[in-house]
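Participant: Sharing a structure here in structure tokens format.
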Amino acid sequence: MSRHIAELVNAIPGVEEMSLLELGTREGLNFERFACKRKDSVDIRYDPTFRMTTDAFFEQNDGRLTYDIVFIDADHHAAQVMKDFNNAITIAKRAVFIHDLFPNRAGYATENGSQAGDGYRLMPEFFLQPMFPFVLNTDHGLTMILPPFFPLLGYHKDLTYVEMVEWWGTRKRYSVEEMKEVIKRRKW
Ligand SMILES: C[S@@+](CC[C@H](N)C(=O)[O-])C[C@H]1O[C@@H](n2cnc3c(N)ncnc32)[C@H](O)[C@@H]1O
């Protein structure tokens with residue numbers, strides 16, 4: 001569960017007039033905190049708006065419902081996160097947030113999709129997005145991606161967590177307060 005997603009989303013000026021889709025909602029602890037006017041959730045369990053896989057949601061939605069913000073936090077295998085992102089950008093208008101792209105420690109990154117999964121293997125690809133990813137230095141690298149969005153074409157299947165951290169080097173990660181400043185100053 002993300003510790004800071006609701007705080008960041010609710011820092012967006014005019015969020016009360018926006019719509020949000022959360023992919024992977026669990027009990028809805030964050031979902032219920034979002035201040036958006038229209039909210040939908042997708043999960044294979046619990047009590048979401050759409051009780052189905054994210055793949056099934058995008059297939060049946062076929063681009064009809066669009067959202068200002070999409071938050072991706074469902075199946076954490078890199079291949080599925082990539083698929084969710086590529087589907088999300090067909091219906092997201094203002095921002096896509098993704099949880100667990102930069103786990104706080106190696107043990108939290110897993111091959112089998114539990115905990116943070118291996119979504120970190122997408123990180124170099126996200127740097128090809130025109131607006132670059134804004135990544136938190138906490139909360140397992142909760143990431144904000146802004147339009148224009150481009151589909152991801154693949155991910156680094158053999159990249160280890162340690163190699164990703166080395167590759168990251170001195171690239172900036174944002175504190176929660178810095179990220180909120182970026183959000184507040186942006187023209188939405
Ligand atoms: C980490 S939890 C989500 C936590 C929630 N976003 C929060 O911040 O409180 C991941 C959720 O994704 C759901 N999930 C896993 N694979 C999924 C899939 N393929 N489609 C939809 N939901 C999925 C799980 O049932 C679980 O509830």
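Participant: At R0 = 35 Å, how high is the FRET efficiency between Val182 and Glu27 if r is their beta carbon distance? Nearest 0.05 is fine.
Facilitator: With R0 = 35 Å, the Cβ-Cβ based efficiency is 0.75.
Participant: At q = 0.13, 0.17, 0.19 Å⁻¹, what log₁₀ I(q)/I(0) does a Debye calculation on the Cα points of the stretch 116-188 give, no solvent, two decimals?
Facilitator: -0.41, -0.69, -0.85
Participant: Sorted by average packing, counted as other Cβ atoms within 10 angstrom per residue and highest first, what order do 42-50, 86-94 take?
Facilitator: Result, highest mean Cβ count within 10 Å first: 86-94, 42-50.
Participant: Let me ask you something else. Using helices alone, I'd like the mean residue ellipticity at 222 nm for the chain: each DSSP H run of four-plus residues gives -39500 (n - 2.57), total over residue count, nearest 500.
Facilitator: Value at 222 nm, helices only, nearest 500: -6500 deg cm²/dmol.
Participant: When 1/r is averaged over all different Cα pairs and the result inverted, which Kirkwood radius in Å belongs to the stretch 59-105? Show your work: numbers first, answer last.
Facilitator: Working: mean 1/r = 0.0879 Å⁻¹.
Hydrodynamic radius (Kirkwood, Cα pairs) of the stretch 59-105 is 11.4 Å.
Participant: Oh, and also: Could you work out the local net charge near Pro133, counting Lys and Arg as +1, Asp and Glu as -1, over the other residues with Cβ closer than 11 Å to its Cβ?
Facilitator: Values: positive: Arg171, Lys172, Arg173; negative: Glu125.
Counting the neighbours of Pro133, the net charge comes to +2.
Participant: Rg over Rh of the stretch 50-188, using C-alpha atoms and the Kirkwood radius, what does it come to?
Facilitator: Rounded to two decimals, Rg over Rh is 0.95.
Participant: Here's another thing I want to ask about it. Within 15 Å, Cβ to Cβ, of Gly107, how many net charges do the neighbouring residues add up to if Lys/Arg are +1 and Asp/Glu are -1?
Facilitator: Around Gly107, the surrounding residues sum to -2.
Participant: Please give me, ordered by residue number, the chymotrypsin sites (Phe, Trp or Tyr not before Pro) of the stretch 69-105 that lie in loop per DSSP and have at most 14 other Cβ atoms within 10 Å.
Facilitator: On the way: sites: Phe71, Phe85, Phe97; in loops: none.
Hits after loop and neighbour filter: nothing returned.
Participant: Over the chain, what relative contact order in percent results from Cα pairs under 8 Å that are six or more residues apart?
Facilitator: Taking the mean separation of contacting Cα pairs over the length of the chain, I get 19 percent.
Participant: Which ³J(HN,Hα) values, rounded to whole Hz and listed in residue order, are derived for the stretch 154-163 from phi using the Karplus coefficients 6.51, -1.76 and 1.60 in 6.51 cos²θ - 1.76 cosθ + 1.60 with θ = phi - 60°, glycine and proline given as x?
Facilitator: For the stretch 154-163, the Karplus-derived couplings read x, 8, 8, 4, 9, 5, 8, 4, 5, 5 Hz, x marking Gly and Pro.
Participant: From the Cα trace of the stretch 1-94, what convex hull volume per residue do you get, rounded to a whole Å³?
Facilitator: For the stretch 1-94, the hull spanned by Cα atoms encloses 89 Å³ per residue.
Participant: Around His156, with a cut-off of 14 angstrom between Cβ atoms, what is the net charge of the other residues, counting Lys and Arg +1 and Asp and Glu -1?
Facilitator: Its environment carries a net charge of -4.
Each value in this text was obtained by applying a stated rule to the coordinates, not by laboratory testing. Nothing here was measured: the structure is a model prediction, and the numbers come from that model. All Cβ positions, glycine included, derive from the backbone under ideal geometry; neighbour counts span all protein chains shown.
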